[in-house]
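S.K.: Encoded as structure tokens, here's the structure I'll be asking about.
The values are calculated or read from the model by the stated rules, or taken from the named source; none is laboratory data. For clarity, every value in this text was computed on a predicted model and none was experimentally measured. Positions of Cβ are backbone-derived with ideal geometry, glycine not excepted, and every protein chain shown enters the neighbour counts. Surface accessibility is based on the protein's heavy atoms, side chains included, excluding ligands, DNA and RNA. Shrake-Rupley method; radii C 1.70, N 1.55, O 1.52, S 1.80 Å.
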Amino acid sequence: MLEEAGRRLLATFGVDAPSPLPASHPRWRPFPEVPSTLAELRRRGRKIAILSNVDRDLIVSSITQLGLEPDLVITAQDAGSYKPAPGHWRVFRERSGAALEATIHVGASQYHDMRPAGALGYRTVFVDRHGEKLETAPTRVINDLSPLPDVIDALE
């Protein structure tokens, strides 16, 4: 699916070529604070799910770099759609059984994460690394992932 999305994006610029996105994905690195923050969440007994717009074969390299195995991974391939479509959250509910009020969606895109998750009733934490103008109403806003464990504790 990522290959097709990249090809379509290139086509909007008049380029008929394979997408470089899938091949580059294994070189994408997490932000420096992400592995330690996820480890702290796990230490505090939190379950971690990843809802990703890449395919299952591509997410493997990202998970390896996180230093822990998430409790649940849902890809665009699993959902049959890309966020902001609600497929990821539908599959999340089916596979996790987690109650809406017990779930906090964390993301770095107002368009792909905050708007759809908020519309579905989830509490949201927007990771605003670029000082964006808020066009959504996340439950909380943080600049990077490091304060997330305390933010989630405060939302409980």
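S.K.: Looking at the structure I just gave you, is VAL54 farther than 25 Å from LEU155 by Cα, among the aliphatic types (A, V, I, L, M) and outside any helix (DSSP H, G or I)? So that I can check it myself, show each step before the final result.
M.R.: Details: farther than 25 Å from LEU155 by Cα: yes; among the aliphatic types (A, V, I, L, M): yes; outside any helix (DSSP H, G or I): yes.
Yes; evaluated as a whole, the condition is true for this residue.
S.K.: At pLDDT below 95 and either small (Gly, Ala, Ser) or surrounded by 13 or more Cβ atoms within 10 Å (Cβ to Cβ) (or both), is that true of LEU58? Give the steps one after another, and end with the answer.
M.R.: Working: at pLDDT below 95: yes; either small (Gly, Ala, Ser) or surrounded by 13 or more Cβ atoms within 10 Å (Cβ to Cβ) (or both): yes.
Yes.
S.K.: Moving to a separate point now. Only residues that are surrounded by 18 or more Cβ atoms within 10 Å (Cβ to Cβ), of a type in the set (A, V, I, L, M) and over 21 Å from LEU41 (Cα atoms): list them for region 62-85, please.
M.R.: Within region 62-85, ALA76, ALA79 meet the criteria.
S.K.: How many of the residues making up region 41-55 are over 21 Å from PRO86 (Cβ atoms) and surrounded by 17 or more Cβ atoms within 10 Å (Cβ to Cβ)?
M.R.: Total meeting the criteria: 2.
S.K.: Restricting to region 114-132, and then to whatever is out of contact with any helix residue (DSSP H, G or I) (no Cβ under 9 Å at 6 or more places or on another chain) and free of Cβ contacts under 8 Å to residues at least 40 places away in the same chain, can you tell me which residue is most open to solvent (accessible area, probe 1.4 Å)?
M.R.: At the first step, the residues of region 114-132 found to be out of contact with any helix residue (DSSP H, G or I) (no Cβ under 9 Å at 6 or more places or on another chain) are 114-115, 118-119, 129-131.
Then keep just the ones that are free of Cβ contacts under 8 Å to residues at least 40 places away in the same chain; that gives 114-115, 118-119, 130-131.
Working: MET114: 6, ARG115: 109, GLY118: 38, ALA119: 89, HIS130: 147, GLY131: 66 Å².
Per the criteria, the residue is HIS130.
S.K.: Still on this model: For the condition without any contact (Cβ under 8 Å) to a residue 12 or more places away in the chain and among the small types (Gly, Ala, Ser), what is the one hit in GLY67, GLY87? It would help to see each step written out before you state the result.
M.R.: Details: GLY67 fails: without any contact (Cβ under 8 Å) to a residue 12 or more places away in the chain.
Of the residues listed, the single one that is without any contact (Cβ under 8 Å) to a residue 12 or more places away in the chain and among the small types (Gly, Ala, Ser) is GLY87.
S.K.: Examine region 86-96 for a residue that is loosely packed, with under 14 Cβ neighbours inside 10 Å and in a loop (DSSP other than H, G, I, E, B), and state whether such a residue exists.
M.R.: no
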